[in-house]
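Colleague: Have a look at this one before I ask anything.
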Amino acid sequence: MSLRLIQGGRDDASETGLLIEGAAEIVTMAGGLRRGPAQADPAVLVAGAGAEGGMAVASWQGRIVAAGTREAVEAEARAQSLPVERFTRFDARGGTVTPGLIDPHTHLLFAGSRENEFRLRQQGAGYLEILAAGGGILSTVAATRAASDDDLLAHGRRWLTEMLGHGVTTVEAKSGYGLDVATELRLLEVAGRLDEDGPVSVVPTFLGAHAVPAEYRGRPDGTEAYVASIVDQQLPAVAAQGRARSCDVFCERGVFSVEQSRRILEAGLLHGLEPRLHADELAPSGGAELAAELGARSADHLAAPSRAGIAALAAAAAGDRPVVATLLPATSWTLMADHYAPARLLIERGVPVALATDFNPGTCPSPNLPLVLTVACLELKLTAAEALAAVTVNAAHALGLGDEVGSIEPGKVADLVVWRVPTYAQIPYWAGADLVAAVVKAGRRVLVRG
Ligand code: IZC
Ligand code: ZN
């Protein structure tokens, strides 16, 4: 492939100032969290007739200075006494510039693969049936426990590089394939090291409550005993380590109950970890209701929420601490589900919607976030603008990073993608295509198509 990965690029002084020019459109996503009708507002700047130099974005020392016509952006930089003549220039060649994409729900770190389940599902096997038989998450846990830190780091680098190639500059990464103190800590440590290495930002989440591990399963009180071990052993160790920002639970009938999930998430809160949930992925399980009750940052999946769950999220959205509904339609697609998350209803009820890959070896073996946009448009009936808001500004809010990333506004981190299409509406349209011309991370070009 002809993409050039510029590793590091950190001490290139010429990139202290960067001016991207010649864009046909700049999707700024300015204006904060999107909900209701605003989900469809990309706050786009379009080159009018006679805008010589097209549309431009400038950044200085990693932060956005201005976006607009090239003339206006240069004038703003000068007004701030910045040496705009010495800025590195990058020609967007009539393409589209968006904020760097944010993937707010992945299980980035694991070992092995599960193509056998792919086949079993074609033959009609259900997700929880495969798990109960010791497959699914449990097979990945066995492989992950056996992997070395170096294996996990190499795996993480491989997939982060691929995500970057699809325009992704920030990725949430859950633990959850260790299910014991030592391996959960290892996974969070590897996620933290990948973040330090860059260029993609990695946000670690603790997911000890992903499944009940094999060693607890034979016991009559196995699930309760495992929940106690999360609360008494895993959470204190995770908090002491300091890598994870939030605590997640797979709250689903047949996995962890609402009551068990509440206990774990409340214990996490006491350790300073924000709650987020796998909610109602397979069946209405009270996950959406619990997310609203706890004021979670996000309720994820929601492929099968109850009416009461949707009402609870709508009520939270009307308040000052909305729960972001992070939908994962590529998972429903992989599971060959007959129902998808009620995205239109959520938007109608004012619930902010984000989208993520759910990248994992079982239910979404794809790291391609733009492809998720395509599935969201076709199956969730989102518009291109709604879908793009869902992987930029709303995804940033789902991770608690809304003040830093997710939009092109003065002062925010300059995470940008230059796309080889003249309008954002083509991003979900060219399904599975390789559309990225360049990626900028904190004002530095980290990927450029040669
Ligand atoms: O490995 O199956 N749903 N967790 C909850 C997953 C899917 C990932 C997996
Ligand atoms: Zn997940």
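The values are calculated or read from the model by the stated rules, or taken from the named source; none is laboratory data. Fair warning: this is a prediction, and the values are worked out from it, not measured in the lab. Every residue, glycine among them, receives a Cβ derived from its backbone with ideal geometry; neighbour counts consider all protein chains shown. Each accessible area value is taken on the protein alone, full model and side chains, heavy atoms only, with ligands, DNA and RNA left out. Shrake-Rupley method; radii C 1.70, N 1.55, O 1.52, S 1.80 Å.
Colleague: Identify the residue in the stretch 287-341 that is charged (D, E, K, R) and either within 16 Å of ligand 1 (Cβ to nearest atom) or in contact with an Asp or Glu (Cβ under 6 Å, 6 or more places away or on another chain) (or both) and, among all such residues, is most open to solvent (accessible area, probe 1.4 Å).
Modeller: Initially, the stretch 287-341 is screened for residues charged (D, E, K, R), giving 289, 293, 297, 300, 307, 320-321, 338.
From what's left, either within 16 Å of ligand 1 (Cβ to nearest atom) or in contact with an Asp or Glu (Cβ under 6 Å, 6 or more places away or on another chain) (or both): 297, 300.
Numbers: 297: 63, 300: 1 Å².
Here the residue is 297.
Colleague: Still on this structure, please answer the following. Name the residues in the stretch 199-249 that are over 20 Å from residue 141 (Cα atoms) and assigned to a loop (DSSP other than H, G, I, E, B), would you? Write out each step before concluding.
Modeller: Residues of the stretch 199-249 over 20 Å from residue 141 (Cα atoms): 199-203, 220-221, 232, 236, 239-243, 245-246.
Of everything in the stretch 199-249, those that are over 20 Å from residue 141 (Cα atoms) and assigned to a loop (DSSP other than H, G, I, E, B) turn out to be 199, 200, 220, 221, 242, 243, 245.
Colleague: Those residues that are in contact with a Leu (Cβ under 8 Å, 6 or more places away or on another chain) and open to solvent by less than 10 Å² (accessible area, probe 1.4 Å), I need them from the stretch 383-401; list them, please.
Modeller: Narrowing the stretch 383-401 to residues in contact with a Leu (Cβ under 8 Å, 6 or more places away or on another chain): 384, 387-388, 390-395, 397.
Correct list: 387, 388, 390, 391, 392, 393, 394, 395.
Colleague: Oh, and also: Would you say residue 262 is away from ligand 1 (no atom under 16 Å from the Cβ), assigned by TED's automatic domain parsing to the domain that holds residue 190 and assigned to a helix (DSSP H, G or I)?
Modeller: Taking the combined requirement at face value, the residue satisfies it.
Colleague: Being more than 14 Å from ligand 2 (Cβ to nearest atom), touching a residue at least 40 places away in the same chain (Cβ under 8 Å), within 25 Å of residue 116 (Cβ to Cβ) and not hydroxyl-bearing (Ser, Thr, Tyr), is that true of even one residue in the stretch 376-390?
Modeller: No, the stretch 376-390 has no match at all.
Colleague: Here is a further query. Answer yes or no as to whether residue 372 is open to solvent by less than 10 Å² (accessible area, probe 1.4 Å) and part of a strand (DSSP E or B). Quick ask: steps written out before the conclusion?
Modeller: Numbers: open to solvent by less than 10 Å² (accessible area, probe 1.4 Å): yes; part of a strand (DSSP E or B): no.
Answer is no for this residue.
Colleague: Would you check which residues across the stretch 262-292 are more than 15 Å from ligand 2 (Cβ to nearest atom), of a type in the set (D, E, K, R) and within 23 Å of the chain's Cα centre (by Cα) and list them?
Modeller: Residues satisfying the conditions are 274, 289.
Colleague: Suppose we keep only residues that are in contact (Cβ under 8 Å) with a residue 60 or more places away in the chain and among the β-branched types (Val, Ile, Thr) within the stretch 131-168. Which one would you say is most open to solvent (accessible area, probe 1.4 Å)?
Modeller: Residue satisfying both the conditions and the ranking: 161.
Colleague: Continuing with this model, one more query. Restricting to the stretch 273-284, name every residue that is open to solvent by 20 Å² or more (accessible area, probe 1.4 Å) and either over 28 Å from residue 240 (Cβ atoms) or not charged (D, E, K, R) (or both). If you could, list the steps in order and put the result at the bottom.
Modeller: Pass one, the stretch 273-284, residues open to solvent by 20 Å² or more (accessible area, probe 1.4 Å): 274, 282-284.
Listed by number, the residues that qualify are 282, 283, 284.
Colleague: Only one of these is of a type in the set (Gly, Ala, Ser), crowded, with 19+ Cβ neighbours inside 10 Å and either at pLDDT 95 or above or at positive phi (or both): 211, 237. Name it. Spell out the reasoning first.
Modeller: Values: 237 fails: crowded, with 19+ Cβ neighbours inside 10 Å.
Only one candidate qualifies: 211.
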